[in-house]
Amino acid sequence: AQSVAQPEDQVNVAEGNPLTVKCTYSVSGNPYLFWYVQYPNRGLQFLLKYITGDNLVKGSYGFEAEFNKSQTSFHLKKPSALVSDSALYFCAVRRIQGTGFQKLVFGTGTRLLVSP
Amino acid sequence: EAGVTQFPSHSVIEKGQTVTLRCDPISGHDNLYWYRRVMGKEIKFLLHFVKESKQDESGMPNNRFLAERTGGTYSTLKVQPAELEDSGVYFCASSPSGSSYNEQFFGPGTRLTVL
């Protein structure tokens, strides 16, 4: 069965500093990996995805994520945090094929707090 | 292009009552998904429609939950009778068919509180 772990409930970073939100996953076979962000009173917004190819994936709002197969990780990064990046971030995985392969399996979410 | 919409945004009901949640996917999206997030935990898959057919309902918690997608457009999720543990945020998502790489587009969610 697939699973996602987001080990930090909250990440605090000062504006202008780099940020990392951690995610590790478990899935049989090759994974499709996603990051979503939820701003207050809003739905989940897609940030980026890894399907295949280059391990460094670039997404919306200057975010990027690095796929590391040996460590089964897909950490979200940004070189310089903004106060407006403060939100709840979810990592998700799904399988490429098989029964029920299209369902996303999410982590518990990490709250990012960027201070001015 | 309009996004995924959900109605209502909030619902407060008493234990034993019935509630129906509605989701309108992005026009033309054949795939429609329901997910639920309970009190600070992970977002969990409930079920997946392809057009009007249930493709995967492995996440439905019990027979108090009934999802429909008549005509392959909007979907409803009915909880009858509601229990305290059903409280949470119910998200709907949709995606187009034709590629298995497509990300899912989520609605704003319906916050359900069962008292």
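Checked against the criterion of being more than 10 Å from chain A (Cβ to nearest Cβ) and in contact with a helix residue (DSSP H, G or I) (Cβ under 8 Å, 6 or more places away or on another chain), the candidates B:Leu84, B:Leu112, B:Leu32, B:Leu77 yield just one match: B:Leu112.
Residues that are touching a strand residue (DSSP E or B) at 6+ places or on another chain (Cβ under 7 Å) and assigned to a strand (DSSP E or B) within region A:53-71 comprise A:Leu56, A:Val57, A:Lys58, A:Glu64, A:Ala65, A:Glu66, A:Phe67, listed in sequence order. Under the condition of being polar (S, T, N, Q), more than 10 Å from chain B (Cβ to nearest Cβ) and within 23 Å of B:Cys92 (Cβ to Cβ), the residues counted in region A:10-61 number 1. Out of A:Gly43, A:Gly59, one residue alone is within 22 Å of B:Glu42 (Cβ to Cβ) and touching a residue at least 24 places away in the same chain (Cβ under 8 Å). It is A:Gly59. In region B:12-105, counting only strands (runs of 3 or more DSSP E) that sit wholly within it, the ones holding 1 or more residues that are free of Cβ contacts under 8 Å to residues at least 24 places away in the same chain span B:43-50, B:53-56, B:65-68. Being surrounded by 19 or more Cβ atoms within 10 Å (Cβ to Cβ), in contact with a strand residue (DSSP E or B) (Cβ under 7 Å, 6 or more places away or on another chain), within 11 Å of chain A (Cβ to nearest Cβ) and on the phi > 0 side of the Ramachandran plot, is that true of even one residue in region B:48-64? No: region B:48-64 contains no residue that is surrounded by 19 or more Cβ atoms within 10 Å (Cβ to Cβ), in contact with a strand residue (DSSP E or B) (Cβ under 7 Å, 6 or more places away or on another chain), within 11 Å of chain A (Cβ to nearest Cβ) and on the phi > 0 side of the Ramachandran plot. Scoring B:Glu42 on the criteria (1) touching a strand residue (DSSP E or B) at 6+ places or on another chain (Cβ under 6 Å); (2) modelled with pLDDT under 95; (3) away from chain A (no Cβ under 14 Å) leaves a single failure, condition (3). Restricting region A:83-112 to residues that are of a type in the set (Ser, Thr, Tyr) and part of a loop (DSSP other than H, G, I, E, B), the residue that is nearest to the other protein chains (Cβ to nearest Cβ) is A:Thr108.
The values are calculated or read from the model by the stated rules, or taken from the named source; none is laboratory data. Because the structure is a prediction, the values reported are computed rather than measured. In this analysis, Cβ positions are derived from the backbone assuming ideal geometry, glycine residues included, and neighbour counts consider all displayed protein chains.
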